[in-house]
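A short worksheet on the structure shown next.
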Amino acid sequence: MQIATLLRYYPPAWRARYEDEVTDVLEQHRVSYATWFDLVRGAFDAHLDPRFSGAVGAAGRRLRRAEIAIFCAFIAFVVAGIGFQKLTEDADKAGLMQAHAAIGIGYYAVIVGAVVALLAVVAGGLPIAAIIARQALAASRRDLLAMLVVPPLLFVALVAWGAVDLRSSSTIDSASIRGLIGFFVLAAIASAAAVSLAVARTDLNDVVLGLARWASIIATAAMGLSLAGVVVWGVGLHSAAPSSFALDGGVLTSYAYVTFLRVVIVMALAVVASLVALWRAPGRDVFMAG
Amino acid sequence: MPGSINDLGRFSGPGLLILSSLADGPKHGYAIMMDVQEFSGTKMEPGTLYGALTRMEQRGWIEPLPPEERRRPYRLTTAGEAVLRQQLGSMNQIVQTGQQRLAAAGA
């Protein structure tokens, strides 16, 4: 591999302006490992620089809106997933999972889907977060910085709340649990809103949007797998032990079938919202040209 | 205000060397690298060179001249000269202070 081929990984706007010059320099330069490393680091720098890669067109902005919608759907999906976790935590259901293949397969499909969706969101979201942080620091954008600190701050507050409740009493009463769950849901909504606003107010380039598009497709497919797993798990459990759904094993000691239906409805809405967002988002060729 | 060389972040050091190189006339990329190595002993790599050039061009400290085949020379602008003078002045102050204190300590 010739070192000049690394220049292909620079943004198109940078290449149009500097590629010939740098190619000329490289032809005269004594290339070492440091040169390779330096050019790779330069490519990252150029991609993070909105002057070379921030000029996305209307199609890029549509894609960004779609990705924000899918991120919010993922957060709703995570909240519903915690309800599912509550349904599965008692020992009886763990035993049924071993005895009945459908329940086990459904459960593991949920886990695999959740892990893949999380990894996809992290893979697509980290480069965007890096660009937001960089632009916020470079331009002293306090609004962006404030939005970025909302999720970790709320997470710390949530952990502190739980820790204080546990310290004051070995068991947490139902009022505290209601408060904690309410705070968790509000924190999830506030975090999703803050991150979405930060993304909407940042100049993103077509490379990270393209990466996030693939991540969104994978995350949507994985959420669909988890939803299917929840349904299979529920149908299997209903067949094997119908009485389980009549017990108060749901969130806040509600009937299990109530929690199960809520989980399925929220997860299904999240998957449908993601599919609609993907359907309405421009294709790669369109947004790269737009 | 032309700004400060520190505005370039991790490219501050290379930026100062490039401005110093261009102080005696326009040069293209490879000539800058050779000149910097000659007067400072610093081996600058192309990724760093062009990372600094793009940032200084954006700030108006240097400007590109018409290309000569694939090579494009750059020259120092008035703003770039002011930044270089300011930075060299403060470095000179540091050098003088350090030398005076070393001399005083040795006496």
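Report, to the nearest 10°, how far helix A:12-28 tilts away from the longest principal axis of the Cα atoms in chain A, using its own Cα long axis and a range of 0 to 90°.
Helix A:12-28 and the main axis of chain A meet at about 60 degrees.
Any idea what the dipole of chain B comes to, in debye rounded to 20, about its Cα centre with Lys/Arg Cβ at +1 and Asp/Glu Cβ at -1?
Dipole magnitude for chain B comes out near 200 debye.
Rank B:Pro64, B:Pro73, B:Pro46 by mean-square fluctuation in a GNM of chain B with C-alpha springs under 10 angstrom and give only the top-ranked residue.
So, out of B:Pro64, B:Pro73, B:Pro46, the one fluctuating most is B:Pro46.
If I take R0 = 25 Å and measure r between the Cβ atoms of A:Ala16 and A:Trp279 in this structure, what FRET efficiency does the formula 1/(1 + (r/R0)^6) give, to the nearest 0.05?
0.15
Along the Cα-to-C-beta direction of B:Asp7, a point sits 7 Å from the Cα; which residues of the stretch B:24-59 have their amide N less than 13 Å from that point?
B:55-59
GNM, chain A, Cα, under 10 Å: largest mean-square fluctuation among A:Gly229, A:Gly42, A:Gly104?
Largest GNM mean-square fluctuation: A:Gly42.
At 20 °C and a viscosity of 1.002 mPa s, what translational diffusion coefficient does Stokes-Einstein give for the stretch A:90-143, taking Rh as the Kirkwood radius over Cα pairs? Give it in µm²/s as a whole number.
The estimated diffusion coefficient comes to 150 µm²/s.
What residue among A:Tyr108, A:Tyr18, A:Tyr255 shows peak mean-square fluctuation when chain A is described by a Gaussian network model with Cα springs under 10 Å?
A:Tyr18
Can you give the log10 of the normalised intensity I(q)/I(0) at q = 0.10, 0.13 Å⁻¹, computed with Debye over equal Cα scatterers of the protein assembly as shown?
Result of the Debye calculation: -0.82, -1.08.
Whole-Hz ³J(HN,Hα) for each residue in the stretch A:156-164, computed from phi via Karplus 6.51 cos²θ - 1.76 cosθ + 1.60 with θ = phi - 60°, x for glycine and proline: what do you get?
4, 5, 5, 5, 5, 4, x, 5, 5
For Cα pairs less than 8 Å apart in space and 6+ apart in sequence, what is the mean separation divided by the residue count of chain A, i.e. the relative contact order in percent? Write out the running numbers ahead of the final one.
Numbers: 325 pairs, mean separation 104.3, N = 290.
Result for chain A is 36 percent.
List the GluC sites (Glu not before Pro) within the stretch B:1-82 that DSSP assigns to loop and that have no more than 15 neighbouring Cβ atoms inside 10 Å.
Filter output for the stretch B:1-82: B:Glu69.
To the nearest 20 debye, what charge dipole does the protein assembly as shown have about its Cα centre, counting +1 at the Cβ of each Lys and Arg and -1 at the Cβ of each Asp and Glu?
In debye, rounded to 20, the protein assembly as shown gives about 520.
In degrees from 0 to 90, rounded to the nearest 10, what is the angle of the helix B:12-22 Cα long axis to the longest principal axis of chain B?
The angle comes out near 70 degrees.
Around B:Thr77, which amide H atoms from residues at least 5 apart in sequence, or from another chain, sit under 5 Å from its own amide H, with H modelled in the peptide plane?
Correct list: B:Ile62, B:Glu63.
What span do the alpha-carbon atoms of the stretch A:159-242 cover on each of the three principal axes, reported in whole Å from largest to smallest?
Projected onto the principal axes, the Cα atoms of the stretch A:159-242 cover 51, 40, 15 Å.
Determine the distance separating the Cα centre of the stretch A:76-152 from the Cα centre of the stretch A:203-230; give it in Å without decimals.
12
For B:Lys27, what residues show an amide H to amide H distance below 5 Å, using hydrogens built from the backbone and excluding near sequence neighbours?
B:Tyr74
Need one number: convex hull volume per residue for the stretch B:7-80, Cα atoms only, in Å³.
Numbers: hull volume 6.0 nm³, N = 74.
It comes to 81 Å³ per residue, whole-number rounded.
Taken together, the values in this text are just the output of simple stated rules run on the coordinates, not laboratory data. Everything numeric here is computed off the predicted structure, so don't read it as measured data. Note: ideal-geometry Cβ built from the backbone for every residue, glycine included; neighbour counts use all protein chains shown.
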